[in-house]
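K.L.:
Mind looking over this structure? Questions follow.
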Amino acid sequence: CSASSNKPVLTLFTKKPCPLCDEAKEVLEPYKKRFVLQEVDITLPENSAWYDRYKYDIPVFHLNGKFLMKHRVDIQKFEDRLTKLELQS
């Protein structure tokens, strides 16, 4: 199947250290073949806009550029949104 390049992109806004982010990634582990994980370190100078927005909220997840969830993984919401995107492609 050549659809791998069409996988949804899950963006994780994070910083080091972030135990909640590590926990969230573990929860998402079983799904990792279904999406591409992109991590954005909000402490980097080029990400200062994200830092201002999310410094008290990480982890924050966007799916295909749209806000999805923060603080904890809502697995039901994630699965619903992921399945919807998979059906569209």
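The values are calculated or read from the model by the stated rules, or taken from the named source; none is laboratory data. Quantities reported herein were computed from a predicted structural model and do not represent experimental measurements. Methodologically, a virtual Cβ is constructed for each residue, glycine included, from the backbone with ideal geometry; neighbour enumeration extends over all protein chains shown. Ligands, DNA and RNA are excluded from the accessible area calculation, which covers all protein heavy atoms including side chains. Shrake-Rupley method; radii C 1.70, N 1.55, O 1.52, S 1.80 Å.
K.L.:
Express the accessible area of the chain per residue in Å², computed with a 1.4 Å probe while the remaining protein chains stay in the model. Don't skip to the end; give the middle numbers.
P.N.:
Working: 5900 Å² over 89 residues.
Value for the chain: 66 Å² per residue.
K.L.:
How about the chain: which chymotrypsin sites (Phe, Trp or Tyr not before Pro) there are in a DSSP loop, with at most 15 other Cβ atoms within 10 Å of their Cβ? Before the final figure, lay out the partial values.
P.N.:
Working: sites: PHE13, TYR31, PHE35, TRP50, TYR51, TYR54, TYR56, PHE61, PHE67, PHE78; in loops: PHE35, TYR56.
Qualifying residues, ordered by number: TYR56.
K.L.:
Here's a follow-up. What distance in nm separates the two pseudo spin-label positions at SER89 and TYR56, each 7 Å out from Cα along the beta-carbon direction?
P.N.:
The answer from the label model is 3.6 nm.
K.L.:
How many percent of the accessible area of segment 9-88 is carbon or sulfur, using a 1.4 Å probe?
P.N.:
Its accessible area is 53 percent carbon and sulfur atoms.
K.L.:
Helix-derived [θ] at 222 nm for the chain: sum -39500 (n - 2.57) over DSSP H runs of at least 4, divide by residue count, nearest 500? Mind dumping the intermediate values first?
P.N.:
Values: 3 runs with 31 residues, N = 89.
-10500 deg cm²/dmol, from helical runs alone.
K.L.:
Using the Karplus curve 6.51 cos²θ - 1.76 cosθ + 1.60 with θ = phi - 60°, what ³J(HN,Hα) values do you get for each residue of segment 75-89, in whole Hz, with x for Gly and Pro?
P.N.:
Those phi angles translate into 5, 5, 4, 4, 4, 4, 5, 5, 4, 4, 5, 5, 5, 6, 7 Hz.
K.L.:
Could you calculate the contour length gain from ASP41 to LYS77, that is, 0.36 nm times the residue separation minus the distance between their Cα atoms, to one decimal place in nm?
P.N.:
Working: separation 36, 0.36 × 36 = 12.96 nm, distance 2.37 nm.
Working it through step by step, the gained length comes to 10.6 nm.
K.L.:
Could I ask something else about it? Considering only DSSP beta bridges with both partners in the chain, what is the antiparallel share in %, to the nearest 5? Working shown, then result.
P.N.:
On the way: 8 of 14 bridges.
Taking every DSSP beta bridge within the chain, about 55 percent pair in antiparallel fashion.
K.L.:
Within segment 46-72, whose backbone N sits under 12 Å from a point 7 Å along Cα→Cβ of VAL9?
P.N.:
62-66
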